[in-house]
Structures are given as C-alpha cells and as structure tokens.
C-alpha cells in the first residue's frame, strides 16, 4: 500500500477511536465528518503518489494529538488539515511534482 | 583506474572559498580547461529554471565560467533547450518562451558576457541524430544542434532532486537537457508500446465526473498538444491513445482525477533512457571534449523545471568537477546520503532526514518505487562512466586569483587621486567629524532580544504599536530629543 494511504488510514483509525471517547455530540459529529472527508480523499492519486505523504503525515500527527487531548482545538487542527488536503488533492500539477 | 571527482565543500570564509571561486578551482583541478583549444566554441549547458523556480543556479556561475573560458581562448555560449509541454502551463516549451523565462531568471547575453541561446531551435526540432548501439534501452539520440555543433561541452549542473528522474544531476543535464524536443519524446518513451503513456497507462474514463462536476473539464481537452482528449456531449471522456507521444501534458490532470493510473514503468524506463541519451550527447561532442561541474547547493527536492522551489532537503553539499558524469553524480548522491537532512524540509517529512539515509528515493521522486540509482547504474551498463571513483579534496587557490579583475590595484592606488577630486567625506563639517551624530548613546539599550530598553522617540513618525505620530511641523521638536547636546544640523536634517 502506498505510504500516504497507509498514514491516512492510521489517521482515520485514530480519529475514530478518539471520537468514541468524546462526550460532546457536536464534536462527535465533526470528527465523523472529518473521517468521511479523509475517506473520500484516500483513493485519489494524491495519496497514491509521494506527493500526499506530508499532508497524510500531518493528518496522522493531528489525529494523534486528538487522541491524546480530545479537545475542540485539536479537532479544529485536524479539520484544518482536512481542508488543506481537499484543496490540494485535486489541484492540477505537473507530472514532475 | 578509478575516475577522479574533484571536490570542495560549501563552507566559505574568504574570496577564494566563495562558491564561485570553488567552481573555477575544481574546474582547473579536473583539468577541464585542457579540453579547450584557442578558438574552440564551448557550450555551457545550464538549466535556466522554470517560471517561478528560484533554486536554479545563479547566472553568476555561468558568467564566471564563461569569462574563464574566454581567458583560455575559447568562445563560450550558455544554453538550455526547449522542454516537453509536460503540463498545461509550461514556460520553456518553445524558444520564445525559453528566452523570456531565462531572461526573467537572469540568463541573458548581457549578464553572461556571451550569448545565451536555445540550443534546439524555435520548436525544438533542430538537432543531430546519434546512433547509440551500446544503449540499454535507447538505440539513438537526438542532440540539440548547438550542443552537437560545439567543440567542447561543459555541463554546469545544479544538483537537486527530480520527480521523475529522482535526481537531477550531470546525467540528466545531458540526458534530458541536451536533447532536442524530439529527443525528449524518445527519452520519455513517447510512442513506446509498453513504457509510453499511450501504450501502457491504465485509462479509466468512468472516473471522469462530467462537466457539471468538474469545473476544469475544458483543461482536459486542452492539455494535449495533439488534441487527443475529447469530452463528448453525453459527458464521456475519449482518448485517442494510439497517437499519444508522451509529452506528459496530461498526467498532472488525469492522475489526480483517477482517469489515469500512474505508470511506474514509464518513469523507470525514462530514468534508464536518460543515461543512454546522455551517452548520445557525449558521443555527439566527443568523449574527451565534455566536462562536468555539479553545484550541489540549494538541493531542492524537485527539479528547477517545477514552477517553485521547496526548502533544500540537505544543506549545501559542495562543488564537484569531473570528466566522468557517472562518477560525479554518484559522488553527489553519496554526499547527500552522508548528510543530515534539513529540518522542516521534505526529507524530514518523508522520514529520510537521518545521516546515512538515501534521500532522493522518497524526497525527490513523485511516486514510490523509483530509485536514485537507476540512471547512474544504466550509465555504467552502457559504458558512459563508473560509479567507483576517487574523491579528491581540492585546496583553495589563493585570494590573488579572485580579485576584482577590472581593477585589482589596492585601495590607495585606486581611490587616492579620485577622492582628491571628488571628496565623499565632508571633513569640513562638525570639527572634522563630517556628519551630524550624537557623541555617545546607550547602545546596549537596543540590543536586547525582547526589544529596545529606551522609550520611542517622542516625534518618531511611526510607532511600533502601529499608531502613527503626527509629523513635527519643523525641525525644532526633534532637536529637543538631543538631551541638551548641541544641535549642529541645518534646517530639515531631522
């Protein structure tokens, strides 16, 4: 499996595990939405190539932070990464990048 | 006997250890100048950088080398070649575009002191065909005409990473950079039944979401110079793949959409072909007439052909020169592997920042599975050169050689008479002190890391908190800040 997808899968699993411990239903819904977005991006070329590795890694790091501290601010950090992934995954580029 | 690679590190603390001086020093140590006879036309092959690239070699390196070649009696010119289109918005795919981009990046005849030319003509069809029966995959190469016509070729290479080639070194500077556009089509496997995009890529048209769901759908039709993609009235994408020449204009659009699956074999085959094409360039000019300088500085993860330059993945590695393009590239790859990665760079994000780790397989390549050794190893197989080499550390050449050539005289001889006539220091003012200044201030008050330890001048026009003080109506108020010191200024000095 491409390493970006692997990192993203780890991030998704971590967010799902963390969300089970969340008490605020609004945060649970937001975490579920983030997982849904990551799943939707996972099979794109961006994550099959090496280009997606840095953002997949950031998603994993922020997911780990959410697991360690189930706070709204950590969830916001994850959502920011998800937004960045969405903006970059479909962006046209050269084959070289 | 192992080929020699002459090397100087990137540290600099004197004019003769500047990177420019080191480039000339290793050039001489490798005896590259001995290839040049008086009157020889010498091609200096550089990568002038894509539009908005910023890590390409500063033009001063080519200028200094051209000046040195002129001292040796040669007639230098600096050159680059047209590219494949390789994206919908490339900036060097015709001579016109190349020259415009090169000029913006600082490569002009004026800055270089010799002509800057596009070596393969307006469209990239001006070339010279070379048979390469020794080739691993290619059996012919098409060398840019101006390079093939030169008496001597110096590949002045910015060593860095590359998404497709994995490394961008001396071999790629010739194996891609010295090929005409026609030659580049061959190297990239255009028309190849197995390794070409048209022949090998997995095409999944059902991944196209339709015009309504793809705001850039018109680009899908316009990314191919041959117009091989059509979006039909009933929202299907069609591709005339048999006519595909592997210009790479489409991959950056088709891969993200899932319409194409990346074809790793095309990348691998191209990396091997680069070595064969480089051999073709060497054969076109003559084996003993090609020299190599690798400037391993600003080692960006992607090539200068990308329209951006990321943080270097390793610190400056140094300056290398050799007559063997394989040895010099291997020496640079080895140096990158020995080096720790740059904090915050792609080498760290890819987990290869440790000293001793291969850097480019992950931090350079666009897709996983490529190797920083493919081109180098292929160039061993086709006989172009040797991976094994002797790394020769070169001593600095002394400051005398690198003084300002137009006027190397010391200061008094240069300026004594000049300053008598045009006195830049107003010695007649302020009792010979020349300028209006306070006799003493608390300099320690402005050195503190947390900010100044004296109050803001009461009439400073801009305050650090963003507020703006009304400008004084005349110079008197400012003089009041002198704490009683005599103000010798004339009106308006404050």
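Throughout, read-outs are computed from the coordinates displayed, never taken from laboratory work. Because the structure is predicted, anything quoted here is derived from the model rather than measured. All Cβ positions, even for glycine, are placed from backbone atoms using ideal geometry, and neighbour counts span all protein chains on display.
Please list the equivalent ellipsoid semi-axes of chain B, computed as the square roots of five times the alpha-carbon gyration tensor eigenvalues, in descending order and whole angstrom.
Values: eigenvalues 492, 211, 96 Å².
Over the Cα atoms of chain B, the semi-axes work out to 50, 32, 22 Å.
Taking other C-beta atoms within 10 angstrom as a stand-in for reagent exposure, B:342, A:14 fall in the order B:342, A:14, fewest first. Calculate how steeply helix A:25-42 sits against the longest principal axis of the alpha-carbon atoms of chain A, using the helix alpha-carbon long axis, and give the answer as 0 to 90 degrees to the nearest 10. With rounding to tens, the tilt is 20 degrees.
If you average 1/r over every pair of different alpha-carbon atoms in the protein assembly as shown and take one over that average, what Kirkwood value in Å do you get?
Numbers: mean 1/r = 0.0366 Å⁻¹.
The answer is 27.3 Å.
Full extension of the chain segment joining residue B:404 with residue B:213 gains 62.6 nm, where the gain is 0.36 nm per residue of separation less the Cα-Cα distance.
Is there a simple number for the mean count of other chain Cβ atoms within 10 Å of the Cβ of residues in A:39-51, and what is it?
4
All distinct Cα pairs of the stretch B:97-197 go into the 1/r average, and the inverse of that average, the Kirkwood radius, is 14.9 Å. Rounded, prolate or oblate, given the Cα gyration tensor of the stretch B:333-455, with a/c below 1.5 counting as rounded? Here the stretch B:333-455 falls in the oblate category. Each peptide in B:43-54, B:291-302 receives the mean, over its residues, of other Cβ atoms within 10 Å, and ordering these scores from highest gives B:291-302, B:43-54.
Order of A:62-68, B:229-235 by packing, highest average Cβ count within 10 Å first? All intermediate terms of the calculation are to be shown ahead of the outcome.
Values: A:62-68: 20.0, B:229-235: 13.0.
Peptide ranking by packing, descending: A:62-68, B:229-235.
Per residue of B:299-306, other chain Cβ atoms within 10 Å of the residue Cβ number 2 on average. Rounded if a/c is under 1.5, else prolate if a/b is larger than b/c, else oblate: which is the stretch A:3-87, with a ≥ b ≥ c the root eigenvalues of its Cα gyration tensor? The shape class here is prolate. Peptide packing: for A:16-23, A:79-86, B:155-162, the average count of neighbouring Cβ atoms within 10 Å per residue gives the ranking B:155-162, A:79-86, A:16-23, highest mean first. Relative contact order of the stretch B:268-377, taken over Cα pairs closer than 8 Å and 6 or more residues apart, is 25 percent.
In terms of other Cβ atoms within 10 Å, B:68, B:192, B:393 run from fewest to most in the order B:393, B:68, B:192.
The angle separating the long axis of helix B:95-104 from the principal Cα axis of greatest extent in chain B is about 20 degrees.
Helical content alone sets the calculated 222 nm signal of the protein assembly as shown at -10500 deg cm²/dmol, taking -39,500 (n - 2.57) per DSSP H segment of four or more residues and averaging over every residue.
Using alpha carbons only, how many degrees (0 to 90, rounded to 10) separate the axis of helix A:53-68 from the longest principal axis of chain A? So the inclination is approximately 10 degrees.
Compute the distance from the alpha-carbon center of the stretch B:275-353 to that of the stretch B:140-205, in whole Å. One Cα centre to the other: 16 Å.
Which of B:237, B:456, B:167 comes first, and how do the rest follow, when ranked by fewest Cβ neighbours within 10 Å? Write out the running numbers ahead of the final one.
Working: B:237 23, B:456 12, B:167 31.
Ascending Cβ contact count within 10 Å gives the list B:456, B:237, B:167.
A Förster radius of 51 Å, combined with the Cβ-Cβ distance separating residue B:448 from residue A:29, puts the computed FRET efficiency at roughly 0.55. Of the two radii for the stretch B:28-97, the radius of gyration is 1.08 times the Kirkwood radius, both from the alpha carbons; that is the Rg over Rh value.
Out of all DSSP beta bridges with both ends in chain B, state the antiparallel percent to the nearest 5.
Values: 24 of 46 bridges.
Once the DSSP bridges in chain B are tallied, antiparallel ones form about 50 percent.
The antiparallel fraction among DSSP beta bridges confined to the protein assembly as shown stands at about 50%.
Inter-chain neighbour count for B:255-264: the average number of beta-carbon atoms from partner chains within 10 Å of each residue's beta-carbon is 4.
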